[in-house]
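Chemist: I have a structure here, written as structure tokens, and I will follow up with some questions on it.
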Amino acid sequence: MSLVLVVVRQVIIMFVMVMCGTLLYHGHKLSMDGVRNMGNILIYLVIPCVIIRSFQLERTPETMRGLLFSGIAGLAVLCLSVLVSHLTFRKDGIAAFASAFSNPGFFGIPLITAVLGQEAVFYAAFFIAFLNLGQWTWGISTMTGESPRKGFSLNRLMKAPFVVAIVVGLILYFTGLQLPEIVNSCLSSIAAVNTPMAMICIGVYLAQTPIRHMLMQKKLYLILLMRLLVIPLLSLALLLIFPASMRDMRLAVLLEAACPVGANIAVYAQIHHQNYTYAVETVIFSTLLSIATLPLITYLAGLLL
């Protein structure tokens, strides 16, 4: 099966799951409290299991090189995203946040797993770490107009579940320690619920979004143009700098960069008393349109990477 067909198939599966979430909400079988609880399960248990599982690789010169280059590539792509978003949306903090930061955990990891296999999630670990750091600093600062130092805590960052998972994964990787088979099986089983739980949560958000009102918001179209096309295309051009022998690494980082708006924007907008509805609309609309843009970006990647 071609690369594009794999992506199309995976995106369709994910959207079926989104519709399941919408139907469950409309059928009064799933409430917002339930979705918040599911979100906590994803953030504090499922994503860490996915990350730790991805580091269960043999330490070889090849994987060491992949880890180094994936960190450099991820940081470079995110810096590019932030720069482009800042220049485009100087007076709209939510738009800048939405444009700069994708959804690598809930959306990107399932895509990478489907296209490249579970082992390739290894290449996404640093992208996820740098993205969350960027959201906590530049993202919140841009959204609220406050100094990035205000409310930022290094101690809090180091206790964040994705950081803890990466540290544990790196320790296992560099020491060569292999987890017992029963632990690995548990990690794999928990990691497997990442896609359905995340998509069902997005489906509940979709159920609460007035679609007609969303479609009439002209600003959303510019945000989505930047998030789903301009930034991924620029990222693709940037990734061409890296060695052609590291195709899986380049494709994994590109898939992360090409994902729709990260769901965290809704959480941060709510916490910091910003326009929560506007933030949710960027997530929902970009998720819907990504069914067309992700296969396009993947097709171009197949030609160039």
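The values are calculated or read from the model by the stated rules, or taken from the named source; none is laboratory data. Everything numeric in this text was worked out from a predicted model, so none of it was measured. Cβ coordinates were reconstructed from backbone atoms using ideal geometry, including for glycine residues, and neighbour counts include every protein chain displayed.
Chemist: Any residue that is closer than 24 Å to L303 by Cα and among the aromatic types (F, W, Y) - is there at least one of those in segment 69-79?
Modeler: yes
Chemist: Hey, could you check segment 62-88 for residues that are surrounded by 23 or more Cβ atoms within 10 Å (Cβ to Cβ) and hydroxyl-bearing (S, T, Y) and say which is farthest from A266 (Cα to Cα)?
Modeler: My answer is S70.
Chemist: While we're on this one: From the list R9, R36, exactly one residue is assigned to a helix (DSSP H, G or I), out of contact with any Lys or Arg (no Cβ under 9 Å at 6 or more places or on another chain) and touching a residue at least 40 places away in the same chain (Cβ under 8 Å). Which is it?
Modeler: R9
Chemist: Collect the residues in segment 273-288 that are touching a Phe, Trp or Tyr at 6+ places or on another chain (Cβ under 7 Å) and either basic (K, R) or surrounded by 24 or more Cβ atoms within 10 Å (Cβ to Cβ) (or both), keeping them in residue-number order.
Modeler: I284
Chemist: Restricting segment 266-305 to residues that are β-branched (V, I, T) and touching a strand residue (DSSP E or B) at 6+ places or on another chain (Cβ under 6 Å), which is nearest to L224 (Cα to Cα)?
Modeler: Per the stated criteria, the residue is T282.
Chemist: Residues being among the polar types (S, T, N, Q) and in contact (Cβ under 8 Å) with a residue 12 or more places away in the chain: count how many of those fall in segment 222-273.
Modeler: Looking only at that region, the number is 2.
Chemist: Quick one: which residue in I223, I211 is farther than 12 Å from T293 by Cβ and touching a strand residue (DSSP E or B) at 6+ places or on another chain (Cβ under 9 Å)?
Modeler: Only one candidate passes the filter, namely I223.
Chemist: Just a yes or no: is a residue in segment 236-258 assigned to a loop (DSSP other than H, G, I, E, B), surrounded by 21 or more Cβ atoms within 10 Å (Cβ to Cβ) and at pLDDT 90 or above?
Modeler: Yes: one or more hits.
Chemist: Okay, moving on. Counting only residues that are without any contact (Cβ under 8 Å) to a residue 12 or more places away in the chain and either buried (at least 24 other Cβ atoms within 10 Å of the Cβ) or under 19 Å from M246 (Cβ atoms) (or both), how many does segment 89-112 have?
Modeler: 0
Chemist: Moving on to the next point. Failed condition for L78, given (1) at pLDDT 90 or above; (2) in a loop (DSSP other than H, G, I, E, B), with all others met?
Modeler: Unmet for L78, out of (1) at pLDDT 90 or above; (2) in a loop (DSSP other than H, G, I, E, B): (2).
Chemist: Scan segment 202-212 residue by residue and report those that are assigned to a helix (DSSP H, G or I) and free of Cβ contacts under 8 Å to residues at least 40 places away in the same chain.
Modeler: Across segment 202-212, the qualifying residues are I211, R212.
Chemist: Among the residues of segment 116-134, write down those that are over 18 Å from F55 (Cα atoms), surrounded by fewer than 24 Cβ atoms within 10 Å (Cβ to Cβ) and modelled with pLDDT of 85 or more.
Modeler: Selection gives G134 alone.
Chemist: Is there a residue being more than 19 Å from T113 (Cα to Cα), surrounded by fewer than 20 Cβ atoms within 10 Å (Cβ to Cβ), in contact with a helix residue (DSSP H, G or I) (Cβ under 7 Å, 6 or more places away or on another chain) and modelled with pLDDT under 90 anywhere in segment 260-272?
Modeler: yes
Chemist: I would also like to ask the following. Out of A237, A263, A269, report the one residue that is among the small types (G, A, S) and either more than 20 Å from A198 (Cα to Cα) or over 20 Å from the mean Cα position of the chain (by Cα) (or both).
Modeler: The conditions single out A237.
Chemist: Would you mind finding the one in K159, K219 that is basic (K, R) and free of Cβ contacts under 8 Å to residues at least 12 places away in the same chain?
Modeler: K159
Chemist: Looking at (1) crowded, with 17+ Cβ neighbours inside 10 Å; (2) at pLDDT below 85, which one does L157 not meet, given that it meets all the others?
Modeler: It is condition (1) that L157 fails.
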